[in-house]
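Bear in mind that the values in this text are calculations on the coordinates, not laboratory data. Just so you know, these numbers come straight off a predicted model, no measurement behind them. All Cβ positions, even for glycine, are placed from backbone atoms using ideal geometry, and neighbour counts span all protein chains on display.
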Amino acid sequence: MRVRIKQIIRQWQGVFVTAPAIAGLVVAGSLTGVFQQMEWSAFDLALRQRPQEAPDPRLVIVTISESDIQRFKSWPLSDAILAQTLKKIEQQKPRAIGLDLYRDLPVEPGYQQLAQVFQNTSILFGIEKVIGNSVDASPILKQQNRVALADLILDADGKVRRALLSVKLENGQTRLSLGTALALKYLEADGIGLQRANRSTPNALQLGKATFIPFQENDGSYVRADNGGYQILLNYRGEIKNFQTVSLSDVVENRIPAGLMRDRIVLIGSTAESLNDHFQTPYSSSLSSHPLPMPGVVIHANIASQILSAALNGRPLLQILSDPQEWLWILFWSFVGASIGWKLLKKNPFRQNIVSLAILTVVAIVLPGSVLVGLTYLAFLGGWWLPVIAPLVAMSLSVLMIQGYRTSELQRQASLDSLTQVANRRYFNEYIEQQWYRQVETKQPLSVILCDVDHFKLYNDTYGHLAGDNCLQQVAKALGRAVRSNDLVARYGGEEFVIVLPNTNNETALQIAERINFQVSALHIVHAKSLVSDRVTLSCGVATIIPNFTSSLPKLIATADEALYEAKQKGRNRAIGRSIMQ
């Protein structure tokens, strides 16, 4: 079993190296907010593309449009018109009324009439603004504790993706947002109220079928977001068309059906574009059919609808992964990309075909990328907001890195001798030619050592070819230990090795050759048939030249070969050096 695991790790080593490294890089980028805006855009797109929900039957919005302002020829609307509107709405017996208009000062005529309506309408909630430039509420509604927040939370790109449910004021009092106050008032009739949830999450609240968990600064794709107050992610029901709407003029002039507002939440607010009460939302995209900002009253309606639908119908609240789960999600897709890239590139019969390689790379990214996007979209439909950009980047980078890894691995394998795992003859030829021209420019000496295993044919005949292979492998390792890090060891022929020594004079090269002989002798590889020693030894020929445009590389190799021949003639197991004078 252990052997099998080692084989798998060796077989997929590129994947096990690449995937965690890329995942770590992407996670680091995610923690610093690199993908935040792109993840928000993906969130917006998923919200716009999901199936349209039916209008919420529990809410009615009374809109104040440009035509209404023209009809009544005043803005702000006079207290008399507002009082008349509220009376007509109350006559329909709604469960709650939300007035999304600031009314901290009288707007004559009709203030006394409006004050009486404020005083006597127990289901009416007004608004105030407490974040930024504050705007006070109606003193009458404030005295009766029927004031809610009009404030909305904007993300860094100016869009509303979070719902502010409540804020603790400086005096210690908790103020509910308009949507929250209306939803809780509606649920009172059903005997449903807020309770502490029986779970370990701090400040988790239970409301009917729903459990609310407060938004944290790094939830989802957010990075160090302001999580002041009690916030949740806003799971929009939709745009204004997803709600029952009537105009203010229709209400005042009795052009609405009797009972339209009965047992419903009624919100009154401006939809006129000339008034500064519109906000960017996920629907405010130039790619959507309705790119205009959303009126604030519609956003409050969405918040109220989200709370009611979750508490009464179990409609999903948006959930997110914890940080460790998100990191594992990214790591998983990094492994997916690396594994697919590794498998496809490994089986590619046209490795040298650039077009084929490019096509395979695109396929390795597009296919799993489509699966990732599809899975995150399905999860979103089920109420889960999963990262899509960060894992997509991790997966794509893993494919590209695997391509680079496989290419470099193939190049490395092509440059190595399969038996001894040192450079092969082809790579030696390329390398020494590069070094030659480099030394021509620097006017530094270049040395070469040719090594031959003494009486290797006798060794093979005595101990067999497997032992001979093992001998060559051990000799190659000894050569690697004897030379410097910038020297190259290559297999030159059957039992011959060559070492390239840049920037090395003949004296130093001879010292290295003698060290090589010592290292090989110290292996104590028994060679009973050797005519030189009782162990395996080497003969070395050393040649040195200062390359220039009149000298030649073949002459350097030939001189080293002559020195090797001389070493053999003088009894083997030794090194002979020669310098080529220009």
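Cross-link partners of Lys209 among lysines, defined as those whose alpha carbon lies under 19 angstrom from its own and excluding same-chain residues fewer than eight positions apart: Lys185.
In the chain, the DSSP beta bridges split such that about 55 percent are antiparallel, to the nearest 5.
Consider a paramagnetic label point 7 Å from the Cα of Asn227 along Cα→Cβ; state which residues of the stretch 173-200 have an amide N under 15 Å from it. It comes to 200, nothing else.
Report D for the stretch 425-579 in µm² per second (integer): Stokes-Einstein, Kirkwood Rh on Cα pairs, 20 °C, 1.002 mPa s. D, rounded to a whole number, is 138 µm²/s. Computed from Cα atoms, the angle from the helix 2-11 axis to the main principal axis of the chain rounds to 90 degrees. Quick check on the stretch 108-172: what does the Kirkwood estimate of hydrodynamic radius come out to from the alpha carbon pairs, in Å? Computed over Cα pairs of the stretch 108-172, the Kirkwood hydrodynamic radius comes out at 13.6 Å. Stokes-Einstein diffusion for the stretch 202-268, with the hydrodynamic radius set to the Kirkwood value over Cα pairs and evaluated at 25 °C in a medium of 0.890 mPa s, equals 155 µm²/s.
As a rough footprinting exposure proxy, the listed residues Met581, Met38 were ranked by other beta carbons within 10 Å of their own, and the order from fewest upward is Met581, Met38. Each peptide in 312-318, 103-109 gets a packing score, the mean of other Cβ atoms within 10 Å over its residues, and the list from highest to lowest is 312-318, 103-109. Scaling the Cα radius of gyration of the stretch 419-512 by the globular reference 2.2 N^0.38 Å produces a ratio of 1.18.
Each 20 Å bin from zero up to the one holding the largest Cα-Cα distance in the chain carries the following percent of pairs: 17, 30, 19, 15, 14, 5, 0.
Over the stretch 1-150, Cα pairs under 8 Å with separation of 6+ residues give a relative contact order of 16 percent. Other residues within the sphere of radius under 11 Å centred on the Cβ of Pro295, judged by their own Cβ, net out at -4 (K and R +1, D and E -1).
Inter-part distance, the stretch 530-565 to the stretch 253-275, computed on C-alpha centroids, equals 100 Å.
Take every pair of alpha-carbon atoms less than 8 Å apart whose residues are at least six positions apart; their mean separation over the length of the chain yields a relative contact order of 14 percent. I want to verify the translational diffusion coefficient of the stretch 146-232 in µm²/s; compute it with Stokes-Einstein, Rh as the Kirkwood radius over Cα pairs, at 20 °C and 1.002 mPa s. My calculation gives 152 µm²/s for D.
Normalised by the number of residues in the stretch 425-579, the average gap of Cα pairs under 8 Å and 6 or more apart makes the relative contact order 32 percent. Put simply, when 393-402, 491-500, 518-527, 258-267 are sorted by average Cβ atoms within 10 angstrom per residue, most first, you get 393-402, 491-500, 258-267, 518-527.
With a cut-off of 15 Å on the backbone N, no residue of the stretch 516-549 is near the modelled label site 7 Å out from His465 along Cα-Cβ. Extending 7 Å from Cα along the Cβ direction at Gln143 and again at Glu188 yields two label points whose distance is 1.9 nm. Site pair Lys343 and Thr174 shows an inter-label distance of 5.2 nm when each label is modelled 7 Å from Cα along Cα→Cβ. Relative intensity of the stretch 170-209 on a log10 scale, I(q)/I(0) at q = 0.26 Å⁻¹, equals -0.98, per a Debye sum over C-alpha point scatterers of equal strength in the absence of solvent.
Among the lysines of the stretch 425-579, pairs at least eight places apart or on separate chains and with Cα atoms under 25 Å apart come to 11. The peptide list 131-140, 191-200, 232-241, put in order of mean Cβ contacts within 10 Å with the highest first, becomes 232-241, 131-140, 191-200. Remark: the Gln112-Val362 segment gains 82.8 nm on full extension, using 0.36 nm per residue and subtracting the alpha carbon distance.
Work out the charge dipole of the chain with +1 on the Cβ of Lys and Arg and -1 on the Cβ of Asp and Glu about the Cα centre, then indicate which of His527, Ser284, Ala301 is farthest towards its positive end. Toward the positive end, the furthest listed residue is His527. For the chain, the longest principal axis of the alpha carbon atoms and the long axis of helix 13-31 meet at an angle near 40°. Rounded to the nearest 20 debye, the dipole magnitude of the stretch 425-579 is 160 debye, with +1 charges on Lys and Arg beta carbons, -1 on Asp and Glu beta carbons, and the Cα centre as origin. Rounded to the nearest 10 degrees, the inclination of helix 425-442 to the longest alpha-carbon principal axis of the chain is 90 degrees. Full extension of the chain between Leu378 and Trp75 yields a length gain of 104.5 nm, computed as 0.36 nm times the residue separation minus the alpha carbon distance.
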